[in-house]
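Q: Below is one structure. I have some questions about it.
The values are calculated or read from the model by the stated rules, or taken from the named source; none is laboratory data. Note that the structure is a prediction, hence the values are computed from the model and not measured. Cβ placement follows ideal geometry from the backbone for every residue including glycine, while neighbour counts extend to all protein chains displayed.
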Amino acid sequence: MQPYPITAMALCNGMGDSTAAVLAALRAGRSGLGPCPAEFELDAVVGAIPSPLPALPRLLGPVRDTRQARIAAVALAELQAPLERARARWGGDRVAIVLGTSTGGIEASETAYAHAEAHGGALPPDYDVEHSHALDAVLHLARVLGGGLGGPAYVVSTACSSSAKVFASAQRLLAADLCDAVLVGGVDSLCRLTVRGFAGLEVLSSKPCRPFSRERAGINIGEGAALLLVERTGEGPARLLGVGESSDAYHMTSPHPEGLGARLAMERALHHAGLFAGDVDHVNAHGTGTKQNDSMESAAIRAVFAGAAAPAVVATKGYTGHMLGAAGATEIAFVVDAIAGRYLPASVGADPLDDTLAVDVVTARRDVPTRAALSNSFAFGGSNCSVLVGGPA
Amino acid sequence: MSALAFTVRGLGFWAPGYPDLAAWRARPDACPEGQAREPAAPKAELLPPMMRRRTSLLTRMAAEVAAQALRDGSLDPTGATFVYGSVYGEIRTTLDLLAALLVAGEPLSPTKFHNSVHNTAAGYVSIATGNRAGNAALSAGRSTVAMGLLECAALVAAGEGDVVLVIAEEPLPEPLAAGRRWDPFAAAFALSASAPGDMPARTCRLEHGANDMPEAPRPIPPWLADNPCAAALTLVEALAAGAPARVALEPHLAAGWQCALGAGA
């Protein structure tokens, strides 16, 4: 495929409510994990946005003021200047929106359902399933807060690979000349359904997660947004080089034990970009903090890089928790910052490493350049995606 | 070939009382006013029985029409790329989880939890068929059918081979629905790049324009017309009729994406 420049990005998550705060924490190795809100009634650790989220402006028509919408609005506010530039350059109708989310506004539905149960079936007055709950509600918000984006707009929701797969859609929309710029990314909010759902699967840790460490004890759930602008041409800190997608065809929640689908996704990303394993310096791992993931992902990385120099492996969920539908784009943004800042962030919590995994996990920040990096995301349904990002041309 | 052109090689259809496209096309002009609110789920024989019994109406509808379209188009189930489109996805399973959340200390059912994701059908169908291609599950409100076809057209243009668009929508459950009512249905479209010798009426091109086309020859029954994916019904009918036509994929808009049938490659 033809590479496309990533020209802007905005982040908010457990590390902070602005891109600057998030990236400062990443560079300093400072985790954004903290205790789970008391109302969740669970002994768990989460990556919650640390500051109160401002209410939505009133001009948003039918869009309801949900936690997910507020998170999206925080990130969109930071992208005003680059989006204005993109609209002026390409025309608003040539800017597409492809966003990933797994939760949508489910947090609002939890409150609404509890209200209905207590009030004879009556929903709260500010709740509307179409504009509060639906996955696509965030699209209207992005169209309006983006200053009038009129290109194709859809949500990709494939659980924890959602906001990695949006990069595949974006690249194809650009290649098919359906648009000249794409606002891509992911937005998920903390909610009881996902936190208690993962508790039901018995993979939740009551301590900060420690991917690739022999002391790992499971995952933490996080929330936040990562929005990036990918354009046909332009100046930016990094380029989208290729995307590899695959299915495990194995199990709904357990990954293929040898990491077959993960390996296929990484190999397809390289093939797609016309590159080889030896061209890649680092892998941002899916690295959730479960033994199953560590074991299969390490096997997949070893297989892809057999015959090439072992890549540095970075796991960043110790900073943010698993942001589910927003995880992929968040970690791709971390790769962009690593490329631009010529460093590899420390994988917080990974030390002491699980030596049986035999991959080069970065436990302390390294100040080295990256030519190209793969960012992995794996999901329920055996949905895998690996996104290849490189430096500017 | 335009980047937005493709040929539809196979179709699949299921709605309550109409187990396939032939049954649907043979329906009486005056359809019954209302349908059963708890329709029997399709057989969905693509899924092995042990797997099928854990799945929702939505996933069974999706698996059923996917299998029909694969068969109709003689496509390899292990090699095709599937794109799933639904507005509310596994909303009835989600509602079960919302109810379970109100019981303090009650663990959520792991099966219901993983069955509540938007790509549930995608996961089950890939496992059942041994398909290791990528897949996607999309949502775009009342534009879901249009955006699903754009994603598919872009996949075809990218040389990804055969692509199957599966559209499926369950009824919204109360209390979330707040009175919104529609019947479930699913439709599937097996697509690939156009080639010389293709049946002209099955060649499609996506275009954007004013929605000024005449009324469809047979109106959609009211119990399905309110389904947010109803545009897929119009498209299925037009493709099955086999004549050149222009189908509005976003009929709720004054101008939007359309599918021009018989436009050639």
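Q: Output the residues belonging to the stretch B:21-43 that are part of a loop (DSSP other than H, G, I, E, B), at pLDDT 90 or above and closer than 22 Å to B:L235 by Cβ.
A: Listed by number, the residues that qualify are B:A26, B:P42.
Q: Are there any pairs, at least 6 apart or on different chains, whose C-beta atoms fall under 7 Å, with the first in the stretch A:231-242 and farther than 10 Å from A:I6 by Cβ and the second of a type in the set (D, E), and if so, which?
A: Taking only residues 6 or more apart or on different chains, the pairs are A:R232/A:D180.
Q: How many of the residues in the stretch A:38-80 are within 28 Å of A:L139 (Cα to Cα) and exposed (fewer than 15 other Cβ atoms within 10 Å of the Cβ)?
A: Summing the residues that are within 28 Å of A:L139 (Cα to Cα) and exposed (fewer than 15 other Cβ atoms within 10 Å of the Cβ) in the stretch A:38-80 gives 12.
Q: In this structure, is A:E110 under 17 Å from A:T66 (Cα atoms), in contact with a helix residue (DSSP H, G or I) (Cβ under 6 Å, 6 or more places away or on another chain) and acidic (D, E)? Break it down stepwise before answering.
A: Numbers: under 17 Å from A:T66 (Cα atoms): yes; in contact with a helix residue (DSSP H, G or I) (Cβ under 6 Å, 6 or more places away or on another chain): yes; acidic (D, E): yes.
So A:E110 fits the description; yes.
Q: When you scan the stretch A:167-192, how many residues do you find that are more than 19 Å from A:N13 (Cα to Cα) and of a type in the set (A, V, I, L, M)?
A: Number of matching residues: 9.
Q: Also, I was wondering about something else. Kindly evaluate A:A269 against the criterion of being crowded, with 24+ Cβ neighbours inside 10 Å, within 13 Å of the chain's Cα centre (by Cα) and in a helix (DSSP H, G or I). Before the answer, list the steps.
A: Working: crowded, with 24+ Cβ neighbours inside 10 Å: yes; within 13 Å of the chain's Cα centre (by Cα): no; in a helix (DSSP H, G or I): yes.
Spelling it out, it is not the case that A:A269 is crowded, with 24+ Cβ neighbours inside 10 Å, within 13 Å of the chain's Cα centre (by Cα) and in a helix (DSSP H, G or I).
Q: Ok, one more. Filtering the stretch A:85-122 down to residues that are within 7 Å of chain B (Cβ to nearest Cβ) and of a type in the set (D, E), which residue is nearest to A:G325 (Cα to Cα)?
A: Once the filter is applied, the top-ranked residue is A:E110.
Q: Here's another thing I want to ask about it. Go through the stretch A:123-139 and count every residue that is assigned to a loop (DSSP other than H, G, I, E, B), within 8 Å of chain B (Cβ to nearest Cβ) and either in contact with a helix residue (DSSP H, G or I) (Cβ under 6 Å, 6 or more places away or on another chain) or in contact (Cβ under 8 Å) with a residue 40 or more places away in the chain (or both). Break it down into steps so the answer makes sense when it comes.
A: Step one: of the stretch A:123-139, the residues assigned to a loop (DSSP other than H, G, I, E, B) are A:123-128, A:134-136.
Filter once more, so that each one left must be within 8 Å of chain B (Cβ to nearest Cβ): A:123, A:128, A:134-136.
Pick out the ones that are also either in contact with a helix residue (DSSP H, G or I) (Cβ under 6 Å, 6 or more places away or on another chain) or in contact (Cβ under 8 Å) with a residue 40 or more places away in the chain (or both) and you get A:123, A:128, A:136.
Total meeting the criteria: 3.
Q: Same structure again: Name the residues in the stretch B:103-132 that are more than 7 Å from chain A (Cβ to nearest Cβ), of a type outside the set (S, T, Y) and within 21 Å of A:L135 (Cα to Cα), would you?
A: Matches in the stretch B:103-132: B:K112, B:N115, B:A121.
Q: Could you run through the stretch A:151-191 and say how many residues are more than 20 Å from B:V87 (Cα to Cα), more than 7 Å from chain B (Cβ to nearest Cβ) and assigned to a loop (DSSP other than H, G, I, E, B)?
A: So the answer is 4.
Q: Mind telling me which of the residues B:L261, B:L233 ends up being closer than 25 Å to B:A158 by Cα and touching a Leu at 6+ places or on another chain (Cβ under 8 Å)?
A: On the way: B:L233 fails: closer than 25 Å to B:A158 by Cα.
After ruling out the rest, the residue left standing is B:L261.
Q: On to the next question. Based on this model, can you work out whether A:A142 counts as within 19 Å of the chain's Cα centre (by Cα), closer than 21 Å to A:R67 by Cα and either of a type in the set (D, E, K, R) or more than 9 Å from every other protein chain (Cβ to nearest Cβ) (or both)?
A: Values: within 19 Å of the chain's Cα centre (by Cα): yes; closer than 21 Å to A:R67 by Cα: yes; either of a type in the set (D, E, K, R) or more than 9 Å from every other protein chain (Cβ to nearest Cβ) (or both): yes.
Answer is yes for this residue.
Q: Could I ask something else about it? Checking A:L174 against (1) surrounded by fewer than 24 Cβ atoms within 10 Å (Cβ to Cβ); (2) farther than 23 Å from A:A81 by Cα, which single condition isn't satisfied?
A: (2)
Q: Please indicate, with yes or no, whether at least one residue in the stretch A:335-357 is closer than 19 Å to A:H256 by Cα, crowded, with 21+ Cβ neighbours inside 10 Å and either more than 14 Å from chain B (Cβ to nearest Cβ) or within 15 Å of the chain's Cα centre (by Cα) (or both).
A: Keep residues of the stretch A:335-357 that are closer than 19 Å to A:H256 by Cα, which gives A:356-357.
From the residues that got through so far, the ones that are crowded, with 21+ Cβ neighbours inside 10 Å too are none.
Scanning the stretch A:335-357, I find no residue that is closer than 19 Å to A:H256 by Cα, crowded, with 21+ Cβ neighbours inside 10 Å and either more than 14 Å from chain B (Cβ to nearest Cβ) or within 15 Å of the chain's Cα centre (by Cα) (or both), so the answer is no.
Q: One residue is enough: does the stretch B:93-102 have a residue meeting the conditions within 19 Å of B:E170 (Cβ to Cβ), more than 8 Å from every other protein chain (Cβ to nearest Cβ) and either under 18 Å from the mean Cα position of the chain (by Cα) or buried (at least 22 other Cβ atoms within 10 Å of the Cβ) (or both)? Let's see the steps before the verdict.
A: Residues of the stretch B:93-102 that are within 19 Å of B:E170 (Cβ to Cβ), as a first pass: B:93-100.
Next cut, more than 8 Å from every other protein chain (Cβ to nearest Cβ) only: B:93, B:96, B:100.
Still in the running and either under 18 Å from the mean Cα position of the chain (by Cα) or buried (at least 22 other Cβ atoms within 10 Å of the Cβ) (or both): B:93.
Scanning the stretch B:93-102, I find at least one residue that is within 19 Å of B:E170 (Cβ to Cβ), more than 8 Å from every other protein chain (Cβ to nearest Cβ) and either under 18 Å from the mean Cα position of the chain (by Cα) or buried (at least 22 other Cβ atoms within 10 Å of the Cβ) (or both), so the answer is yes.
Q: Scan the stretch B:186-204 residue by residue and report those that are of a type in the set (D, E, K, R) and either surrounded by fewer than 17 Cβ atoms within 10 Å (Cβ to Cβ) or not in a loop (DSSP other than H, G, I, E, B) (or both). Spell out how you get there, then give the answer.
A: Step one: filter the stretch B:186-204 for residues of a type in the set (D, E, K, R), giving B:198, B:202.
Across the stretch B:186-204, the qualifying residue is only B:R202.
Q: While we're on this one: Considering only strands (runs of 3 or more DSSP E) fully contained in the stretch A:293-393, which possess at least 3 residues that are closer than 24 Å to A:L229 by Cβ?
A: Answer list for the stretch A:293-393: A:372-379, A:383-390.
Q: Here's another thing I want to ask about it. Looking for whichever is closer than 28 Å to A:M252 by Cβ, under 14 Å from the mean Cα position of the chain (by Cα) and facing chain A (nearest Cβ under 7 Å) here; the options are B:A140, B:A168. Which one fits? Steps first, answer last, please.
A: On the way: B:A168 fails: facing chain A (nearest Cβ under 7 Å).
B:A140 is the lone residue from the list that is closer than 28 Å to A:M252 by Cβ, under 14 Å from the mean Cα position of the chain (by Cα) and facing chain A (nearest Cβ under 7 Å).
Q: Would you be able to say whether some residue in the stretch A:360-374 is away from chain B (no Cβ under 14 Å), more than 11 Å from A:V314 (Cβ to Cβ), buried (at least 20 other Cβ atoms within 10 Å of the Cβ) and not β-branched (V, I, T)? Explain how you work it out, then say what you get.
A: Kept after step one, since they are away from chain B (no Cβ under 14 Å), are these residues of the stretch A:360-374: A:360-374.
With the extra rule that they be more than 11 Å from A:V314 (Cβ to Cβ), the set shrinks to A:364, A:367-369, A:371-372.
Now restrict to residues that are buried (at least 20 other Cβ atoms within 10 Å of the Cβ): A:372.
Then keep just the ones that are not β-branched (V, I, T); that gives A:372.
For the stretch A:360-374, residues away from chain B (no Cβ under 14 Å), more than 11 Å from A:V314 (Cβ to Cβ), buried (at least 20 other Cβ atoms within 10 Å of the Cβ) and not β-branched (V, I, T): present.
Q: Here's another thing I want to ask about it. Is it the case that some residue within the stretch A:297-305 is surrounded by 21 or more Cβ atoms within 10 Å (Cβ to Cβ), of a type in the set (S, T, N, Q) and within 18 Å of the chain's Cα centre (by Cα)?
A: Within the stretch A:297-305 (the criterion being surrounded by 21 or more Cβ atoms within 10 Å (Cβ to Cβ), of a type in the set (S, T, N, Q) and within 18 Å of the chain's Cα centre (by Cα)), the answer is no, since none of the residues qualifies.
Q: Right, something else. Within the stretch A:193-214, is even one residue assigned by TED's automatic domain parsing to the domain that holds A:S157, touching a helix residue (DSSP H, G or I) at 6+ places or on another chain (Cβ under 9 Å) and in a strand (DSSP E or B)?
A: Yes: the stretch A:193-214 contains one or more residues that are assigned by TED's automatic domain parsing to the domain that holds A:S157, touching a helix residue (DSSP H, G or I) at 6+ places or on another chain (Cβ under 9 Å) and in a strand (DSSP E or B).
Here is a yes/no grid of residues against (1) in contact with a Gly (Cβ under 8 Å, 6 or more places away or on another chain); (2) among the polar types (S, T, N, Q); (3) under 30 Å from A:V243 (Cβ atoms); (4) part of a helix (DSSP H, G or I):
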{"residue": "B:L165", "(1), (2), (3), (4)": "yes, no, yes, no"}
{"residue": "B:L176", "(1), (2), (3), (4)": "no, no, no, no"}
{"residue": "B:L206", "(1), (2), (3), (4)": "no, no, yes, no"}
{"residue": "B:P214", "(1), (2), (3), (4)": "no, no, no, no"}
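Q: When A:S377 is evaluated against the numbered criteria (1) over 23 Å from A:H271 (Cα atoms); (2) touching a His at 6+ places or on another chain (Cβ under 7 Å); (3) small (G, A, S), which criterion, by number, is the only one it fails?
A: Evaluating A:S377 over (1) over 23 Å from A:H271 (Cα atoms); (2) touching a His at 6+ places or on another chain (Cβ under 7 Å); (3) small (G, A, S) leaves (1) as the failure.
Q: If you scan the stretch A:92-114, which residues turn out to be of a type in the set (G, A, S) and either buried (at least 19 other Cβ atoms within 10 Å of the Cβ) or in contact (Cβ under 8 Å) with a residue 60 or more places away in the chain (or both)?
A: A:A96, A:G100, A:S102, A:G104, A:G105, A:A108, A:S109, A:A112
Q: With the requirement that a residue be among the small types (G, A, S) and either under 23 Å from B:M61 (Cα atoms) or touching a His at 6+ places or on another chain (Cβ under 7 Å) (or both), what does the stretch B:157-178 give you? So that I can check it myself, show each step before the final result.
A: Step one: list which residues in the stretch B:157-178 are among the small types (G, A, S), which gives B:157-159, B:161, B:168, B:177-178.
Result: B:A168, B:A177.
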